[in-house]
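Following: one structure in structure tokens, then a few remarks.
The values are calculated or read from the model by the stated rules, or taken from the named source; none is laboratory data. Computed from a predicted structure; not experimentally measured. Cβ sites come from the backbone with ideal geometry, for glycine too, and all protein chains shown count toward neighbours.
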Amino acid sequence: MKSAVLTGPRMIELREVPDPVAPADGVVLEMRACGVCGSDLRRWQEGPPAGTPYLVQGHELAGVVVEVGRQVTQFHSGDRLAIAPDIHCGACCYCRRGLFNLCTNLRLLGITPGLDGGFAERVLLTGDLLRNGIAHRMPEGLSFPEGGFAETLSSVLASHHQCQTSLGETVVVMGAGPVGCLHVVVAKARGARVVVAEPKPIRRRASERFAPDAIIDVTQQDVVAEVSRLTAGLGADVVICANPVAATQTQAVEMARRAGRIVLFGGLPKTSPMASLNANLIHYGELRLMGAFSYHPSFHEEALRTLARKVVKAEQFITHTRPLSQAAEAFQIAASGDALKVMVEPD
Ligand SMILES: [Zn+2]
Ligand SMILES: [Zn+2]
């Protein structure tokens with residue numbers, strides 16, 4: 001079969017590799033759609049981790065089961081599945097509390113070396129993944145690209161569940177990349193008024209199709225003052241930092257109302273993870289600062305249902321599609337910043 005292999009920084013090679021074979025407790029999935037994620041892009045820029053000669057990326061995956069191990073009873077040949085990357089251990093103290101995304105032994109399909117992901121014609125879903133990973137049957141009528149896109153949506157749904165975005169609140173989304181735009185749609189679906197803040201003109205334009213209530217050009221406007229003006233001096237109920245920029249976290253604390261919630265959704269670069277926050281605003285204002293990373297597997301099911309009901313329309317996000325043989329180009333497009341979501345499909 002053909003596999004798009006990451007061999008070095010920004011180097012993807014299409015290789016002919018042996019077909020995966022289903023072990024007794026696993027299945028083989030034929031890839032039908034696999035999205036390029038922001039985390040894929042960061043890894044692509046750096047190349048495989050030290051000591052790893054190559055990596056097959058891709059974790060926003062949907063496809064059809066084509067081979068089933070003899071011990072597998074829950075899936076059958078022909079099943080249409082959507083897959084997300086997390087495989088928890090089931091034994092650590094977090095897993096025992098049901099906090100699977102915080103598992104200390106978390107392994108990730110298409111990210112952890114040795115667990116080849118979706119940028120290939122076929123993908124091995126091991127027994128481990130079927131037991132402790134995220135593999136769900138797709139609802140009737142859902143397309144494969146929608147199935148792949150469910151992964152991106154899952155973490156956004158989980159973070160709004162955590163911060164309890166609700167009717168009549170003002171939510172500020174810092175950053176209008178694909179994930180920022182998803183926050184706009186989900187916050188609106190939960191009944192909030194949504195303000196987007198973004199420096200890049202192309203991204204501000206892209207965010208317009210999701211009809212936020214206001215768009216702030218942070219290169220021209222003081223975002224803290226503007227949020228204050230839009231909320232009659234009160235401040236935002238919820239601020240979501242959906243970008244990797246520490247300065248926006250500083251501003252988030254300054255624009256939240258008392259008892260407001262701030263969600264640190266985007267990680268900062270590993271080489272400079274520090275942010276400067278006004279601790280007195282947090283203290284006297286009883287602000288609640290929350291991290292958001294990955295999600296409980298149930299949010300992947302909820303994402304599939306949300307997409308099937310068209311509450312979130314995947315086709316508004318999937319701006320580019322490339323065949324597997326052009327996976328290298330798919331990454332170039334995703335890195336250019338012109339795209340929202342780039343999908344890879346079979347040739
Ligand atoms: Zn992803
Ligand atoms: Zn665990």
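Of the residues VAL17, VAL68, VAL5, only one is at pLDDT 95 or above and under 24 Å from the mean Cα position of the chain (by Cα); which? Spell out how you get there, then give the answer.
On the way: VAL17 fails: under 24 Å from the mean Cα position of the chain (by Cα); VAL68 fails: under 24 Å from the mean Cα position of the chain (by Cα).
Checking each option against the conditions leaves just VAL5.
Taking the criterion of being among the hydrophobic types (A, V, I, L, M, F, W, C), under 20 Å from THR7 (Cβ atoms) and surrounded by fewer than 20 Cβ atoms within 10 Å (Cβ to Cβ), the only residue of segment 92-123 that qualifies is LEU108.
Out of the helices (runs of 4 or more DSSP H) lying entirely within segment 77-168, which hold 1 or more residues that are within 16 Å of ligand 2 (Cβ to nearest atom) and among the polar types (S, T, N, Q)?
In segment 77-168, 127-132 are the helices (runs of 4 or more DSSP H) which contain 1 or more residues that are within 16 Å of ligand 2 (Cβ to nearest atom) and among the polar types (S, T, N, Q).
Residues are listed down the side, and each one gets a yes or a no for (1) acidic (Asp, Glu); (2) within 16 Å of ligand 1 (Cβ to nearest atom):
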position: GLY47; (1), (2): no, no
position: PRO53; (1), (2): no, no
position: GLN57; (1), (2): no, yes
position: GLN74; (1), (2): no, no
position: ASP79; (1), (2): yes, no
position: HIS88; (1), (2): no, no
position: CYS95; (1), (2): no, no
position: THR104; (1), (2): no, no
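Summed over segment 238-251, the residues that are in contact with a helix residue (DSSP H, G or I) (Cβ under 9 Å, 6 or more places away or on another chain) and in contact (Cβ under 8 Å) with a residue 40 or more places away in the chain give a count of 8.
Pairs meeting the criteria (first residue in segment 272-287 and at positive phi, second residue not aliphatic (A, V, I, L, M), beta carbons under 8 Å, at least 6 apart or on different chains) are GLU286/ARG258. Candidates in segment 124-134 are the residues that are out of contact with any helix residue (DSSP H, G or I) (no Cβ under 9 Å at 6 or more places or on another chain) and farther than 20 Å from GLU16 by Cα; of these, the one that is surrounded by the fewest Cβ atoms within 10 Å (Cβ to Cβ) is ARG131. For the residues SER159, SER143, SER154, the requirement of being hydroxyl-bearing (Ser, Thr, Tyr) and touching a helix residue (DSSP H, G or I) at 6+ places or on another chain (Cβ under 6 Å) singles out SER154.
Which residue pairs have Cβ atoms closer than 7 Å, lie 6 or more positions apart in sequence or on different chains, and pair a first residue in segment 88-106 that is farther than 14 Å from SER294 by Cβ and in contact (Cβ under 8 Å) with a residue 24 or more places away in the chain with a second residue that is part of a loop (DSSP other than H, G, I, E, B) and near ligand 2 (Cβ under 6 Å from one of its atoms)? Pairs that qualify, where the first residue is farther than 14 Å from SER294 by Cβ and in contact (Cβ under 8 Å) with a residue 24 or more places away in the chain and the partner is part of a loop (DSSP other than H, G, I, E, B) and near ligand 2 (Cβ under 6 Å from one of its atoms), are CYS89/CYS103; CYS89/ASN105. With respect to the conditions (1) assigned to a helix (DSSP H, G or I); (2) out of contact with any Gly (no Cβ under 9 Å at 6 or more places or on another chain), ILE215 lacks only one, and its number is (1).
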